[in-house]
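The next block holds one structure in the form of structure tokens; read it before the comments.
The values are calculated or read from the model by the stated rules, or taken from the named source; none is laboratory data. Keep in mind that what you see is a predicted model, and the values were worked out from it rather than measured. Counting neighbours? That spans all protein chains shown, and the Cβs are built from the backbone with ideal geometry, glycine included. Surface areas here come from the heavy atoms of the whole protein model, side chains and all, with no ligands, DNA or RNA. Shrake-Rupley method; radii C 1.70, N 1.55, O 1.52, S 1.80 Å.
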Amino acid sequence: MATKAEELRLQGNARFKLGDFAGAEKYYTQAIVKDSTNAALFTNRSLVRLKMNMYEAVINDCLKALELVPTSLKAYTNLGQAQLALGRPGEALSSSTTAYKLAIEQRSPSVASIAGTCMEAKKKRWEQMETRRIERECVLLREMTDIIEKEADTQVDKILRKGLLGDTAGFGGTAVCVLEEEVRQGARLKVKTLEDVFGKAEAERCMRREVPDYLIDTITFNIMSDPVITKSGHSYDRATLLDHIRRSPTDPLTRQPLYEKDLVPNLALRAACELFLKDNGWAVDW
């Protein structure tokens, strides 16, 4: 006979299938009250809460599930999605990468979707880093501009203290004006040069971007995140190739029989992909 907790879990599943997420959450919560040692109850509720955009609650459920089952694929998967939704891409990438590895080990059909979350986390992490970089450079530009302008003010004060204003109606006053304008003009030129340097550096970053062909998966035409090499010597992204093999166990290029056991990680190519993405986060959308 099913336990009370199991009965409540089944009721929660039924409500979930109907799209009644609030109802499902209620039943899963009641089931957890009856049995707080069942990790599946926490992962079920985390998925419902993910649908309801209750991201902090999702994280709490996933962490509890991982305390009970440290290798829970569902917990790491939902945890990564919640962290990404909360704008914590670094944490999301770590969780989703673990989920990806578990999915490979467990031959889960969710490999491709988890790989997508990993790539999205990489993209968001890069965008976050870019935003911070731009903010730092703007602050630096303002600080350097202030230094130049303050230095010009100091030079003008020295000119005035030397008493060059003694003859304000004659040549002395004119000389002071000329010297002051030279100082101000020099400061403006320095600021302009500084802005040009920053602007040129940013323009170079925004030039037309290209991804090297050898980093591209020839099935999806996206940059690879976990490349594997086939018996024919051709490399594909693991998630893409596994999806292909499930539909047709053949090499995409030679059409010869190909199975998951035949795939070998291409570690050198993976390192090249990771290095490229580290410096070119935009490539995630390629």
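Let's see how each residue does on (1) open to solvent by less than 50 Å² (accessible area, probe 1.4 Å); (2) over 27 Å from the mean Cα position of the chain (by Cα):
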{"residue": "GLY23", "(1), (2)": "yes, yes"}
{"residue": "VAL33", "(1), (2)": "no, yes"}
{"residue": "ALA39", "(1), (2)": "yes, yes"}
{"residue": "ARG45", "(1), (2)": "yes, no"}
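Looking for something modelled with pLDDT under 90, part of a strand (DSSP E or B) and surrounded by fewer than 20 Cβ atoms within 10 Å (Cβ to Cβ) - is there at least one such residue anywhere in segment 247-270? Yes, segment 247-270 contains at least one residue that is modelled with pLDDT under 90, part of a strand (DSSP E or B) and surrounded by fewer than 20 Cβ atoms within 10 Å (Cβ to Cβ).
Note on segment 66-96: residues that are in a loop (DSSP other than H, G, I, E, B) and crowded, with 18+ Cβ neighbours inside 10 Å total 2. Each residue in segment 48-62 was checked for being surrounded by fewer than 16 Cβ atoms within 10 Å (Cβ to Cβ) and not polar (S, T, N, Q), and 3 of them qualify. Within the option set TYR236, TYR214, being open to solvent by less than 70 Å² (accessible area, probe 1.4 Å), modelled with pLDDT of 85 or more and of a type in the set (Phe, Trp, Tyr) holds for one residue only, TYR236. Among the conditions (1) at pLDDT 85 or above; (2) in contact with a strand residue (DSSP E or B) (Cβ under 8 Å, 6 or more places away or on another chain), THR193 misses just one, which is (2).
Of the numbered criteria (1) within 30 Å of ILE134 (Cβ to Cβ); (2) open to solvent by less than 20 Å² (accessible area, probe 1.4 Å); (3) modelled with pLDDT under 90, the one ASN222 fails is (2).
Within segment 271-286, if we keep just the residues that are part of a helix (DSSP H, G or I) and among the aromatic types (Phe, Trp, Tyr), the residue that is modelled with the lowest pLDDT turns out to be TRP282. Considering only residues that are of a type in the set (Asp, Glu) and either under 16 Å from GLU202 (Cα atoms) or surrounded by 13 or more Cβ atoms within 10 Å (Cβ to Cβ) (or both), which ones fall in segment 105-134? Correct list: GLU120, GLU127, GLU130.
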